[in-house]
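Below is one structure, written out as C-alpha cells, with a few remarks after it.
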Amino acid sequence: MADRFGFELTARDGAARAGRVSTPRGDIRTPAFMPVGTAATVKAMRPESVRETGADILLGNTYHLMLRPTAERIARLGGLHRFMNWERPILTDSGGFQVMSLAGLRKLDEDGVTFKSHIDGSMHRLSPERSMEIQALLGSDIVMCFDECPALPADEAEIARAMRLSMRWAERSKAAFGDRPGHALFGIMQGGLSRKLRAESAAALRGIGFDGYAIGGLAVGEGQEAMFDVLDYAPGLLPEDQPRYLMGVGKPDDLVGAVKRGVDMFDCVLPSRSGRTGQAFTRRGVVNIRNARHQDDPRPLDEACGCPCCTGYSRAYLHHVTRAKEIIGAMLMTWHNLHYYQDLMADMREAIAAGRFADFEAKFHADRAGGDIAPV
C-alpha cells in the first residue's frame, strides 16, 4: 500500500484510460465504479459482500451523515471506516448536491447554505469550511470540494453565477482542507452544457491545484446525448496525470460512453436502487424480474454472471421473492447489479490494456441490442 495518494496511468486506447489510484488504504483500479453507501451502508448489502463484487472504494454522503448519526459521533467511534466496517478507501461527496436539491428548504449566500433537515426540520449550515471539517471527522480518503450544482435546464447566466461561486468555494475548500498526507481533495468542474463556462471552470480549478478533478453538473436532466457532447471535450480540459471523476453517472451505456471519452471514476445509486425495485442489469440489457414471464423461468438472470444470485437462484425464485416483498429479493438483486457493474469495469480495464476498446464497445452494444430472450 502507498503512504500517500497518487495516480498512475497504465494503458490508453484512444481517449480511454486504465490506471491505478493509490491510497494508504489500498489501490483503486480505474476505470472504477464506486457503490453508493449514502448513510454508511450500501443498502441491502454487507460490506464484505460489496468487496466480493470487486469494489475497491465506496462513496459516503456528507449531507446524510452530518444529520444522522452526525460526523462528530462517527469520529468519536473511530471514523467512518471502522463505523461501517469498510477498511478500504472511501470517497465522500461534499453535501452540496443534496443541499441544493432541497429547493424551498434552503437559503444560499456567498458564505454557504442554510437549510432545514429533511428528517426533523432542524436548521443547519454548510459552508466550504464546515464541509471540509465534516469530511475530516468522517476520515474519508478522497474529499470533495463544496460546490453549487444547479439543475438543468437553466439559463446560461444562472449556470455562470453558480459555477463562479463554486470556484470561489473551491479555493476556500482547498485552504480549509490543509495538509493531510494520505488524503486527497478533488475539485469539481461546473458550467452546465457551455463549453466556454466549462473551460473557465477547469482553468480556475487547475490554478488552485487539486489531487483529482471531478466533472459535476451532469446527469441532472440534460439527457445522454447532451452529456456525451460535454464529455467529448471536458475531460481534456483537466490534467492528464490526475484522476477524472464523473459524478452521479450512471447507466451501463453511460459508463461505457464516458470511459471512451477519458473518464476514470464513477458513482451512482442506480444498481442498488434498481435492485431493490426488481430491476436487473445484464449483458442482454435490463430485466424487470417482476414481469409475469419470469414466474416459471428456471434460468439465472445472466448466464455469464458468476455472482451468488446468478449461480444459486432462478428467475422464477427471484420473481417470487420480489413480488412477495421478501428482503432476500432486494439482497440478491442488489448483489447481482453491483457485481455486473464491477464486471463491466473490469472488462473495460482489460479491453483498454489490450488495445481493443472499440471491439469491446461494439460487442457491448450488440449484446444489449439482442435483448433478453425469453425461453422457448
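Number of residues in region 131-180 that are part of a helix (DSSP H, G or I) and more than 30 Å from F83 (Cβ to Cβ) equals 13. In region 95-128, the residue that is nearest to the chain's Cα centre (by Cα) out of those that are assigned to a strand (DSSP E or B), surrounded by 14 or more Cβ atoms within 10 Å (Cβ to Cβ) and among the hydrophobic types (A, V, I, L, M, F, W, C) is L126. Is it true that E240 is more than 21 Å from A175 (Cα to Cα), assigned to a loop (DSSP other than H, G, I, E, B) and in the same structural domain as G262 (by TED's automatic domain parsing)? Yes: the conditions hold for E240. Here A346, A351, A324 are screened, and the one residue that is among the hydrophobic types (A, V, I, L, M, F, W, C), surrounded by 15 or more Cβ atoms within 10 Å (Cβ to Cβ) and at pLDDT 95 or above is A351. Scanning region 223-232 for residues that are charged (D, E, K, R) and either surrounded by 15 or more Cβ atoms within 10 Å (Cβ to Cβ) or assigned to a loop (DSSP other than H, G, I, E, B) (or both) yields one hit, D232. Take the conditions (1) surrounded by fewer than 21 Cβ atoms within 10 Å (Cβ to Cβ); (2) among the polar types (S, T, N, Q); (3) closer than 26 Å to I28 by Cα; S272 misses just one of them, which is (1).
Inside region 293-310, can you point out the residues that are out of contact with any helix residue (DSSP H, G or I) (no Cβ under 8 Å at 6 or more places or on another chain) and in contact (Cβ under 8 Å) with a residue 24 or more places away in the chain? Once the filter is applied, which keeps residues that are out of contact with any helix residue (DSSP H, G or I) (no Cβ under 8 Å at 6 or more places or on another chain) and in contact (Cβ under 8 Å) with a residue 24 or more places away in the chain, region 293-310 yields only R293. Taking each residue of region 74-86 that is on the phi > 0 side of the Ramachandran plot and looking for partners that are assigned to a helix (DSSP H, G or I) and of a type outside the set (S, T, N, Q) with beta-carbon atoms closer than 6 Å, six or more apart or interchain, yields N85/P47. For region 203-219, filtering for residues that are within 19 Å of F5 (Cβ to Cβ) and within 13 Å of the chain's Cα centre (by Cα) leaves 1.
For (1) surrounded by fewer than 24 Cβ atoms within 10 Å (Cβ to Cβ); (2) under 20 Å from S127 (Cβ atoms); (3) of a type in the set (A, V, I, L, M, F, W, C), each residue gets a yes or a no:
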| position | (1), (2), (3) |
| --- | --- |
| P153 | yes, no, no |
| E156 | yes, no, no |
| R164 | yes, yes, no |
| K174 | yes, yes, no |
| P181 | yes, no, no |
| M189 | no, no, yes |
| A199 | yes, no, yes |
| A204 | yes, yes, yes |
| I208 | yes, yes, yes |
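A search for C-beta distances below 8 Å between a residue of region 134-159 that is closer than 21 Å to L205 by Cβ and any residue that is among the polar types (S, T, N, Q) and in a strand (DSSP E or B), counting only pairs 6+ apart in sequence or on different chains, returns Q135/T92; S140/T92; D141/T23; I142/T23; I142/T92; V143/T92; M144/T92.
Exactly one residue out of D141, D147 is touching a strand residue (DSSP E or B) at 6+ places or on another chain (Cβ under 9 Å) and within 23 Å of A226 (Cβ to Cβ), and it is D147.
Looking at this structure, is E48 assigned to a helix (DSSP H, G or I), surrounded by fewer than 21 Cβ atoms within 10 Å (Cβ to Cβ), out of contact with any Gly (no Cβ under 8 Å at 6 or more places or on another chain) and in contact (Cβ under 8 Å) with a residue 40 or more places away in the chain? Steps first, answer last, please.
Details: assigned to a helix (DSSP H, G or I): yes; surrounded by fewer than 21 Cβ atoms within 10 Å (Cβ to Cβ): yes; out of contact with any Gly (no Cβ under 8 Å at 6 or more places or on another chain): yes; in contact (Cβ under 8 Å) with a residue 40 or more places away in the chain: no.
The answer is no for E48.
The residue list A103, A2, A32 contains one member that is aliphatic (A, V, I, L, M), more than 30 Å from M123 (Cβ to Cβ) and modelled with pLDDT under 95, which is A2. Taking the criterion of being under 17 Å from I159 (Cα atoms) and either without any contact (Cβ under 8 Å) to a residue 12 or more places away in the chain or part of a helix (DSSP H, G or I) (or both), the residues of region 202-222 that qualify are A202, A203, A204, L205. So how many residues does region 210-220 have that are out of contact with any Gly (no Cβ under 7 Å at 6 or more places or on another chain), aliphatic (A, V, I, L, M) and either closer than 14 Å to A151 by Cα or surrounded by fewer than 16 Cβ atoms within 10 Å (Cβ to Cβ) (or both)? So the count comes out to 2. In region 73-87 there is at least one residue matching the filter, namely being buried (at least 23 other Cβ atoms within 10 Å of the Cβ), farther than 24 Å from K251 by Cβ and not aliphatic (A, V, I, L, M).
Residue by residue, here is whether (1) assigned to a helix (DSSP H, G or I); (2) among the hydrophobic types (A, V, I, L, M, F, W, C) holds:
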{"position": "F281", "(1), (2)": "no, yes"}
{"position": "D297", "(1), (2)": "no, no"}
{"position": "C310", "(1), (2)": "yes, yes"}
{"position": "Y317", "(1), (2)": "yes, no"}
{"position": "V321", "(1), (2)": "yes, yes"}
{"position": "G329", "(1), (2)": "yes, no"}
{"position": "M345", "(1), (2)": "yes, yes"}
{"position": "H365", "(1), (2)": "yes, no"}
{"position": "R368", "(1), (2)": "yes, no"}
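Filtered by the rule that a residue be part of a helix (DSSP H, G or I) and touching a helix residue (DSSP H, G or I) at 6+ places or on another chain (Cβ under 7 Å), region 181-199 gives L197, R198, A199.
The values are calculated or read from the model by the stated rules, or taken from the named source; none is laboratory data. All of these numbers come straight from a predicted model, not from anything done at the bench. All Cβ positions, even for glycine, are placed from backbone atoms using ideal geometry, and neighbour counts span all protein chains on display.
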